[in-house]
Amino acid sequence: MKSIVILISGGGSNMSAIVRAAQAQRWEARWGARVSAVISNKADAGGLVFAREHGIATAVVDHRAFSEQPQPREAFDAALMTKIDRHQPSLVVLAGFMRILTPGFVAHYEGRLINIHPSLLPAFPGLHTHQRALDAGCRFAGATVHRVTAELDHGPILAQAVVPVLPHDTADTLAARVLTQEHRIYPEAVAALLQT
Ligand code: GAR
């Protein structure tokens with residue numbers, strides 16, 4: 001069994017797209033792969049409801065619970081790893097997981113950790129990607145699926161999608177156009193990895 005663990009912080013629409021693709025394309029029957037858990041750093045992440053409704057195990061590790069510790073990021077990541085490793089994942093999928101991970105976490109999942117970022121990397125790593133693309137006068141924007149390395153929003157690129165920037169775009173209209181493409185390329189990239 002190839003176990004997939006997905007980490008989210010919010011609505012989880014990319015996670016939902018992967019779960020729906022896994023069901024529609026029968027990943028379990030074809031490749032012995034299934035989404036075994038969805039884990040969030042926020043108890044109120046909307047995606048947790050979707051996961052539970054689809055019979056997927058969920059867990060919450062609230063990063064705020066570690067803020068008083070001498071090394072809060074390391075302590076949070078250690079707790080997160082404990083929850084993740086219960087599911088012995090072949091793949092750990094970051095899907096709108098808005099925490100910066102420690103080098104120790106990244107090393108622990110080396111070769112098994114992927115992310116989606118809402119820009120055409122290496123352009124615009126970090127936050128506010130759509131506004132930054134508009135401010136720079138970009139004619140095209142997009143999204144990137146990449147392997148996660150210790151450097152934020154870097155790492156070998158697995159898939160990209162390009163969308164046009166339209167004359168009256170705001171950060172929100174551009175984000176919505178990009179997100180539609182994220183929902184296409186992320187399940188495709190995960191499926192491709194499951195077959196390697
Ligand atoms: C997506 O646009 C994803 O690319 C982005 O957050 C959104 C999550 O949406 N991720 C990042 O910005 C990571 N740096 P979702 O919760 O509906 O999948």
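The values are calculated or read from the model by the stated rules, or taken from the named source; none is laboratory data. Because the structure is predicted, anything quoted here is derived from the model rather than measured. So basically every Cβ, Gly included, is an ideal-geometry build from the backbone, and we count neighbours across all protein chains shown. With ligands, DNA and RNA removed, areas are computed over all heavy atoms of the protein, side chains included. Shrake-Rupley method; radii C 1.70, N 1.55, O 1.52, S 1.80 Å.
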Using a Förster distance of 35 Å, the FRET efficiency for Thr170-Ile100 (Cβ separation, nearest 0.05): 0.85
Which value, in Å² and to the nearest 10, is the accessible area of Thr129 when all protein chains are kept and the probe is 1.4 Å? 10
Excluding ligands and nucleic acids, what accessible area in Å² is computed for Phe140 using a 1.4 Å probe, to the nearest 10? 120
Distance between segment 64-137 and segment 40-55 - C-alpha centres, whole angstrom: 18
Towards the positive end of the charge dipole of the chain, with charges on Cβ (+1 Lys, Arg; -1 Asp, Glu), say which of Gln69, Ala175, His130 has the farthest Cα. Ala175
Would you pull out the residues with amide H under 5 Å of Ala141's amide H, same chain only if 5 or more places away, H placed 1.01 Å from N? Val163, Val165
Measuring with a 1.4 Å probe in the full set of protein chains, what accessible area per residue, in whole Å², belongs to the chain? 50
Which order do His63, His108 take when ranked by solvent-accessible area (1.4 Å probe, heavy atoms of all protein chains), largest first? His108, His63
Does a label point 7 Å from the Cα of Lys2, set along Cα-to-beta-carbon, have any residues of segment 156-178 with amide nitrogen under 20 Å, and which are they? 156-160
Looking at the chain, identify the longest residue range that excludes and avoids all trypsin sites (Lys or Arg not before Pro) in DSSP loops having at most 15 other Cβ atoms within 10 Å. 27-85
With the Cα gyration tensor of the chain giving a ≥ b ≥ c as the square roots of its eigenvalues, does the rule (a/c under 1.5 for rounded; else a/b larger than b/c for prolate; else oblate) give rounded, prolate or oblate? oblate
Which of these, Ile157, Ile114, Ile18, has the largest mean-square fluctuation under a Gaussian network model of the chain (Cα springs below 10 Å)? Ile157
May I ask you to give the percent of accessible area on the chain that is carbon plus sulfur, with a probe radius of 1.4 Å? 54
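Of the beta bridges DSSP finds with both residues in the chain, what % are antiparallel, to the nearest 5?
Values: 11 of 30 bridges.
Counting only bridges with both partners in the chain, antiparallel ones make up about 35 percent.
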Sketch the reach of a paramagnetic label on Leu127 as a point 7 Å from Cα along Cα-to-Cβ, and name the residues of segment 85-106 whose backbone nitrogen lies under 18 Å away. 95-102
Quickly estimate the mean residue ellipticity at 222 nm for the chain, helices only: each DSSP H run with n ≥ 4 gives -39500 (n - 2.57), and the total goes over all residues, rounded to 500. -11500 deg cm²/dmol
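Percent of alpha carbon pairs in segment 93-196 separated by more than 23 Å?
Working: 1396 of 5356 pairs.
Tail of the P(r) past 23 Å holds 26 percent of the pairs.
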Short version: ³J(HN,Hα) in whole Hz for each residue of segment 15-28, in order, from phi by Karplus 6.51 cos²θ - 1.76 cosθ + 1.60 (θ = phi - 60°), x for Gly and Pro, what are they? 4, 4, 4, 5, 4, 5, 5, 4, 6, 5, 9, 6, 4, 5
Karplus-derived 3J(HN,Hα) from phi for segment 63-68 (6.51 cos²θ - 1.76 cosθ + 1.60, θ = phi - 60°), whole Hz, x at Gly and Pro, runs 4, 5, 5, 10, 5, 8
